[in-house]
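The values are calculated or read from the model by the stated rules, or taken from the named source; none is laboratory data. Since we're looking at a predicted model, the values are computed, not measured. Backbone-built Cβ (ideal geometry, glycine too); neighbour counts: all protein chains shown.
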Amino acid sequence: MFTTQRPNGTGVQRMDDGRQVLFLVKALYDYKTTSAEEIPFLTNDVIAVLGTNPDGWWEGELLDDTRKKRGLFPSNYIQILE
C-alpha cells in the first residue's frame, strides 16, 4: 500500500515503489473504465493520488488489497480527503 515517512518532522506518504502520494481522495460515485489505462472504482473507495493534470484525468492507485490497480481516473468523480 503506502507508508508515511517523517524526515525532519514532516509527513510524506509514499507508495511501496517509492512514489510520493500527493493526497488521498474518496470516490463519490462508481466508475467503470473505458480503457485499460483507467482505474475502475466503487463509491467510497480510497485512491492515492500520484499526479494531477489540468484536463481532469489524474493518476493514482486504488487502495484496496483485493482490487489494487494503478492508472488514470476522472477527478470529477472524487472528493479530496482532509
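Computed quantities for the displayed model
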read-out	value
Out of Leu50, Leu24, sole residue that is modelled with pLDDT of 95 or more and touching an Asp or Glu at 6+ places or on another chain (Cβ under 9 Å)	Leu50
Hits in segment 50-82 (condition: under 16 Å from Asp30 (Cα atoms), over 10 Å from the mean Cα position of the chain (by Cα) and among the charged types (D, E, K, R))	Asp64, Arg67, Lys68
Search result, residues across segment 38-82 that are acidic (Asp, Glu), surrounded by 12 or more Cβ atoms within 10 Å (Cβ to Cβ) and more than 19 Å from Val12 (Cα to Cα)	Glu38, Asp45, Asp64
Matching residues in segment 26-37 - criterion: being of a type in the set (Phe, Trp, Tyr) and surrounded by 16 or more Cβ atoms within 10 Å (Cβ to Cβ)	Tyr31
The one condition in (1) aliphatic (A, V, I, L, M); (2) surrounded by 11 or more Cβ atoms within 10 Å (Cβ to Cβ); (3) modelled with pLDDT of 95 or more that Met1 fails to fulfil	(3)
